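Each remark here refers to the structure printed beneath this line.
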Amino acid sequence: MHDTQGFIDEGEIVSRVGRPGQQGRAARARGLGQGRGLAGLGMEDVATLAAVSDPELLGEIFQTARAVKDQIYGPRLVLFAPLYRVQYVRQ
């Protein structure tokens, strides 16, 4: 099995999403701009966008996601099939 410690810090993500002041208009605009420019998003940007609950703002996020998808993959449907290898350990 792969060690995921250090790859995804769930506690840090949860703490960033819950921080007051992270949902500001400038922070959202920065995150969406980086997404549109295919510049990648930092954890702070992801946390800011993940905290959005307003339907209008969510629509803007979904529009941006579609535009990014179209830039990368074009007008086609892309499916991913995750394959997992499960290891059982006898106790």
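The values are calculated or read from the model by the stated rules, or taken from the named source; none is laboratory data. Please read these numbers as outputs of a predicted model, since none were measured by experiment. Methodologically, a virtual Cβ is constructed for each residue, glycine included, from the backbone with ideal geometry; neighbour enumeration extends over all protein chains shown. Accessible surface areas use protein heavy atoms only, side chains included; no ligands, DNA or RNA. Shrake-Rupley method; radii C 1.70, N 1.55, O 1.52, S 1.80 Å.
Can you tell me how many residues in the range 35-61 are of a type in the set (A, V, I, L, M) and assigned to a helix (DSSP H, G or I)? Lay out the reasoning, then the answer.
The first filter runs over the range 35-61 and keeps only residues of a type in the set (A, V, I, L, M), leaving 38-39, 41, 43, 46-47, 49-52, 57-58, 61.
So of that shortlist, the ones also assigned to a helix (DSSP H, G or I) come out as 43, 46-47, 49-50, 57-58, 61.
Total satisfying the criteria: 8.
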The range 65-81 residues that are touching a residue at least 24 places away in the same chain (Cβ under 8 Å), paired with ones that are basic (Lys, Arg) and surrounded by 10 or more Cβ atoms within 10 Å (Cβ to Cβ) (beta carbon under 9 Å, 6 or more apart): Ala67/Arg36; Val68/Arg36; Gln71/Arg36
Given (1) modelled with pLDDT of 70 or more; (2) closer than 20 Å to Ile61 by Cα, number of the condition Asp9 does not satisfy: (2)
Count - residues of the range 31-68 that are within 14 Å of the chain's Cα centre (by Cα) and within 20 Å of Ser15 (Cβ to Cβ): 13
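Could you count how many residues in the range 54-75 are open to solvent by 100 Å² or more (accessible area, probe 1.4 Å) and among the polar types (S, T, N, Q)?
Matching residues across the range 54-75 total 2.
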Flag for Pro20 being modelled with pLDDT of 85 or more and open to solvent by 90 Å² or more (accessible area, probe 1.4 Å): no
